[in-house]
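Participant: Have a look at this one before I ask anything.
The values are calculated or read from the model by the stated rules, or taken from the named source; none is laboratory data. Every value quoted in this text rests on a predicted model; they were computed, and no experiment measured them. Glycine gets a Cβ as well: all are built from the backbone with ideal geometry, and neighbour counts include every protein chain shown.
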Amino acid sequence: MQETTDIIMDYLELPRPIAVVLDAAGNIEHLSDEACKLLGYSLQSVLGVNWISLCLPSSWQLKAKAVFDSLAQRRQNQSEQYVYPIMAKNGDRFMFSWHSEARRDPSGAFIGSITTGIKVRDNALQEKNSLLQSAARNQAVLDNAIEAIISINSSGTITHVNKTTEKIFGYKEYELIGHNMWMLLPDAKLADKKTNISHYLMTGITTSSGFNRELKARHKDGHCVPIELTVAEITIAGVQSFTGIMRDISERKLSEERLRQSKEEVQQALDHLAHLDRLHIASEMSTGIAHELNQPLTAISMYAQACRNLIKKGQLDNPALLPTLSRIDNQAQRAGEIIRNIRALVDKQNPHHQLTDINALIHNTIELAQVDIECRTVQFECYCSEQLPMIEIVLGQIQQVLLNLIRNACDAMVNNEPDDKWITIICEKKPTGFITIRVRDRGVGINHEHADKLFQAFFSTKSHGMGMGLAISHSIITSHGGQMKVNQNYKDGAEITFTLPIMPVLGAQPHEH
């Protein structure tokens, strides 16, 4: 049997235990064969010799004596476990892990000890110290992390926290250990939710790195702490646990709110600037507007005088009055339409988007542009796809963009012959989900050196221009999710293109014109 045991231990490379039996004075009564082989002594030569004086290095003798004395002084049969080296006859040292128990007679008097030892591998202590140092380093990293890091078991009970947890939530470590995690996240706890955290995690946003969600935590003093919670699951030997990382995102939320307010202020400034640009356009068109309004008003006045004269003469027959009254009505509607178009241009725009027929908007803008004296001599040709979906835009802003491009095109052809003043507008749907509008003229074209600066604020190729029209137009198109650019390959004048996105989520259907 012993031979079989030796074979198994040799095969598994297991350390062989040794046994030492001491009397009440600490003298050797018996050594196992393995102990004799290791120490280099025969059993007869060591019987009655003090074990501590013979086999322990001098630096360990006091510690070993203290352990032996503690066994003698205890009334109950308790054991001691400890680690210390022994020294062989030739001076070699071996580190052993010891287990000692007291020996007592039937009366309970201490008569000695029996000790068994297992040799410790040469690198075992180094590994132990290395593990302790690694654990200390890891704990230092955890305590100095900017996030609160907590360990949680499957029931949601907190088993460990780092120092940052105390800073963020105001609790001491002992106030958290053993308590449920919901004390930090009361607003996230649902009344009908089970206490098992895995049920809660299943409702979260699961990524490759684990559960992630923004929540509102609660400080010890009761105030709300916005956090981003990330939880990773750990399973060791079938035991499930979780590590939760809570980032205090108060500063981030504050920055996001400031950024949102800044964006609103910038947008308000852009809207105000666009409104000023529309007022500027209206002021430049004022002469044409006055002339355009004067025509229907003069006609209304003439038709009204004709009706009055007929009444004075007593000629009240309907066939004579009705056509004249119809002409007055038509001219009044014409004047009203002009006023409505101008008012729509100069009024402050409602920033809300609305479904718009882009083809109808193009034709209405052309009519409005022709009020201007410079544009009245220009001929227009439109190539608009007959079936285009309704698009969601701020109508007045896109009309402002079109009007700017048309008036710039008119300015570029001021020196052209009357027959050579043409503006072409092309509107078509692209497979990319955008509607493209192209505005072409037959003017002098755009210098390639100016193409990159054309949409910058205060840049203008005109001596009297402010350099804001195209910059504002570019900003409007960008805010709608589109793009505006110059087609540098167009050689017959200038072509500026802009796109507007189609939004199928609105349920807009194709509209025939």
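Participant: Taking the stated definitions as given, is I146 closer than 24 Å to V239 by Cα, in contact with a helix residue (DSSP H, G or I) (Cβ under 8 Å, 6 or more places away or on another chain) and either in the same structural domain as K220 (by TED's automatic domain parsing) or free of Cβ contacts under 8 Å to residues at least 24 places away in the same chain (or both)?
Facilitator: Answer is no for this residue.
Participant: Can I ask one more? Considering region 390-407 alone, what residues qualify as being crowded, with 22+ Cβ neighbours inside 10 Å and modelled with pLDDT of 85 or more?
Facilitator: Residues satisfying the conditions are I391, I393, I398, V401, L402, L405, I406.
Participant: Are there any helices (runs of 4 or more DSSP H) wholly within region 104-204 with 3 or more residues that are hydroxyl-bearing (S, T, Y) and either modelled with pLDDT of 65 or more or on the phi > 0 side of the Ramachandran plot (or both), and if so which?
Facilitator: On the way: elements: 124-144, 163-169, 173-176, 197-201.
Per the criteria, no element qualifies.
Participant: Could you check V20 against (1) of a type in the set (A, V, I, L, M); (2) farther than 20 Å from S97 by Cβ; (3) part of a strand (DSSP E or B) and say which number it fails?
Facilitator: That leaves (2) as the condition not met.
Listed here are the residues, each with its yes/no results for (1) under 15 Å from A102 (Cβ atoms); (2) surrounded by 13 or more Cβ atoms within 10 Å (Cβ to Cβ); (3) in the same structural domain as G117 (by TED's automatic domain parsing); (4) at pLDDT 90 or above.
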position: Y41; (1), (2), (3), (4): no, yes, yes, yes
position: L62; (1), (2), (3), (4): no, no, yes, no
position: A66; (1), (2), (3), (4): yes, no, yes, no
position: D69; (1), (2), (3), (4): yes, no, yes, no
